[in-house]
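Take a look at the structure set out below.
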Amino acid sequence: MGGIAFFTSCSDDVTTIGTDIIGDGNFETEKAEFEVYAYNRKLNGVQTNGLPLYQLGVYDDQIFGRTEASIVSQLSLVTTRPVFGVSSQQREEEYAADNDPKTTPENEKATRVYINIPFFGSVADGETENSDEGAPIARKYDLDSIYGNDKATFTFRVEELTYYLRDLDPSSGFVEQQRYFSNKDFSSNTGAVLYDNRVEISNLEELIYKDDDLDTPDVDESEEVETRLSPRIRVEIDSPDALAFFQQILDKEGSSELMSNNNFKEFIKGLRFSASSFSSPALMLLDWNNANVEVQYEYDRVDTSDGNKIVKGNSSFTLSLGAFTVDSNSGARTRRNNVVNTLINEAYPGEISDQLDNNINASRLYLKGGAGTMVELSLFDPLKDSTVVTSIEKQGWIINEANLVFYVDRDKLDTYPDFAEPQRLYVYNLADNTILADVELDYTVNQDKSISRQIFGGILEKEEDKGVKYKIRLTEHVDRILNQDSTNVNLGLALTANINNTRNISSEGNGQDKEQFIPEASVITPLSTILYGNNTGEEHKDKRLKLEIFYTKVE
């Protein structure tokens, strides 16, 4: 049986415990602590298509080492069956044969291409770029999606993707969505290089200026701002190879390749994005669902006011990079493109790798986001023989509160300068990939993920600005085990970047025979930490992992 320590206090007053009311009479409120067995698991790969955001760049983790992140993405037409220029392709072909001086084929030609990939952030109140008097002023943003140097420069590379990202998995009879994992390397599945140049991260707005109107010689419209864009990676692509790549789309006007996005994705398979040669390490979390490619082109038109002279018109079309659209009312996701994050970790230090997948009750818990690690937890006993649970059930406890308490290994973390600690942990049902009742029944849900579900907890508690412990409330879960015959399943412990995102996704290679799952919100954070486990020995027994239960015995 696991070790139990009791601390007792007595009261005769009426009190409310959870949703149960204990009336007049004698009762005792006590506390017991139980063993929690914990096992470190390595994730060799995690599913990374369909994520809410994507990572690009380099993250130097002081505990685990370096992670390099790249992205491959399909493109989709914002409008299928597009008409480029003014007239449809059929009409242009008619113009070519009618010998009418007032008509002409449009001969569309790509002139410039812009890639737009926004950061996450918000306007910094009252902060702007210094500017000459009278010139447009760009506002500054607080970027909350850059880990590392938020002013770093790097080489940004965009290549043609030659690998077809299918939607459905053939092994399921083309019924289930195809899953792509973080350890899939697409670097050999590329064609033409469309962009390869230095880029600097900036927290300033991108100001897009108007074209000067030659019909108004007294006014220079090119000094007027037409559009303000939030901070982002925005690069202009105008190399011959790049323009030829996008010219393919213009040349297919009216063809079957542009009739549907399924056809289009077989025609243009996508792009690969990578970042290297950083001035100092930086990992960018990118708002991929609002990313796009803007293709500008010119076309021929007849100016009937100037003797039917053929002149150039200008227009553009947009291709979406986004993985999905979100319904504003229900929050439901509709898949738009397959987008895959490749996350390549360097080999972990020996002192960590030796502790992964060894099925030993751990003295330290090593947690890393992305394609990192998770911890498997077993409450009460390691073998699930129900000895401890059965003994408690016979006593008829009313469970007031049950908590998992995880202490941060400050001895380890204090050796790393400026270490970024994760702000929240998350626990879930590892047996059937579901959220726990304590999460589902926590109605303190708020759009601000930092203050949402505070009853469930998992929030980093600090002293002198350093993390000390995390406490996760499992009252309902434990009560159902002890009093409602629920199965005492193993639990998963992971980091979370968003407590409101309770979606779990598939992982592979964590030392288990059956498929396991990991919270999606753990995959989208690069952070890590070290916690004390259960098997700490006498030296740190006051910080060992434990399950504390506050209960009432009615006399």
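Using alpha carbons only, how many degrees (0 to 90, rounded to 10) separate the axis of helix 240-251 from the longest principal axis of the chain? Computed tilt is about 80 degrees. The stretch 143-169 and the stretch 342-360 have Cα centres lying 25 Å from one another. Along Cα→Cβ, 7 Å out, is where each label goes; now give me the distance between the ones at residue 267 and residue 347 in nm to one decimal. Each label point lies 7 Å from its Cα, and together they span 4.8 nm.
Normalised by the number of residues in the stretch 482-553, the average gap of Cα pairs under 8 Å and 6 or more apart makes the relative contact order 24 percent.
Under 5 Å between amide hydrogens, built in the peptide plane, is the criterion, and for residue 421 it picks out nothing among residues at least 5 positions away or on other chains.
For the chain, the longest principal axis of the alpha carbon atoms and the long axis of helix 89-98 meet at an angle near 0°. Backbone geometry of the stretch 433-438 corresponds, through the Karplus equation with coefficients 6.51, -1.76 and 1.60 at θ = phi - 60°, to 3J(HN,Hα) couplings of 6, 10, 7, 7, 4, 5 Hz, x marking Gly and Pro. Between the C-alpha center of the stretch 263-294 and that of the stretch 405-432 there is a gap of 30 Å.
Sum up the charges of everything whose Cβ sits under 14 Å from the Cβ of residue 349, counting Lys and Arg as +1 and Asp and Glu as -1, but leave residue 349 out. Spell out each step's value before the answer.
Working: positive: 42, 66, 364, 368, 412; negative: 60, 61, 346, 351, 354.
Taking every other residue near residue 349 into account, the sum is 0.
Working from label points 7 Å from Cα in the Cα-to-Cβ sense, the residue 294 to residue 415 distance is 5.1 nm. Once backbone amide H atoms are built at 1.01 Å from N, residue 107 has 300 as its partners under 5 Å, excluding neighbours fewer than 5 places away on the same chain.
The slack between residue 204 and residue 384, meaning 0.36 nm per residue of separation minus the straight C-alpha distance, is 59.2 nm.
The overall shape of the stretch 452-548, judged from the alpha-carbon gyration tensor, is rounded, with an a/c ratio under 1.5.
Exposure proxy shown here: for 540, 477, the number of other Cβ atoms within 10 Å sets the order, fewest to most, as 540, 477. Under the criterion of Cα pairs below 8 Å and six or more residues apart, the relative contact order for the chain equals 25 percent.
Per-residue counts of other Cβ atoms within 10 Å, averaged by peptide: what ranking do you get for 150-158, 93-101, highest first?
Details: 150-158: 18.8, 93-101: 11.7.
Per-residue mean Cβ counts within 10 Å order the peptides as 150-158, 93-101.
For the stretch 404-414, backbone phi angles converted through the Karplus equation (6.51, -1.76, 1.60; θ = phi - 60°) give residue-by-residue couplings of 8, 10, 10, 9, 6, 7, 5, 4, 6, 5, 5 Hz, Gly and Pro being listed as x. Taken over the stretch 386-521, the ratio of Cα radius of gyration to 2.2 N^0.38 Å equals 1.16. Contact order for the stretch 237-330, expressed relative to its length and based on alpha carbon pairs under 8 Å spaced 6+ residues apart, stands at 21 percent.
For the listed peptides 353-365, 53-65, a ranking on the average number of other beta carbons within 10 Å per residue, highest first, reads 53-65, 353-365. Distant-in-sequence amide contacts of residue 45, defined by a placed amide H-H separation under 5 Å and a gap of 5 or more residues or a different chain, comprise 508. Whole-Hz Karplus values for the stretch 273-289 come out as 10, 9, 9, 8, 6, 6, 5, 7, x, 8, 10, 9, 8, 10, 7, 5, 5 Hz, taken residue by residue from phi with 6.51 cos²θ - 1.76 cosθ + 1.60 and θ = phi - 60°; glycine and proline positions read x.
Computed from the coordinates by the stated procedures, all read-outs in this text should not be read as laboratory data. Nothing here was measured: the structure is a model prediction, and the numbers come from that model. In this analysis, Cβ positions are derived from the backbone assuming ideal geometry, glycine residues included, and neighbour counts consider all displayed protein chains.
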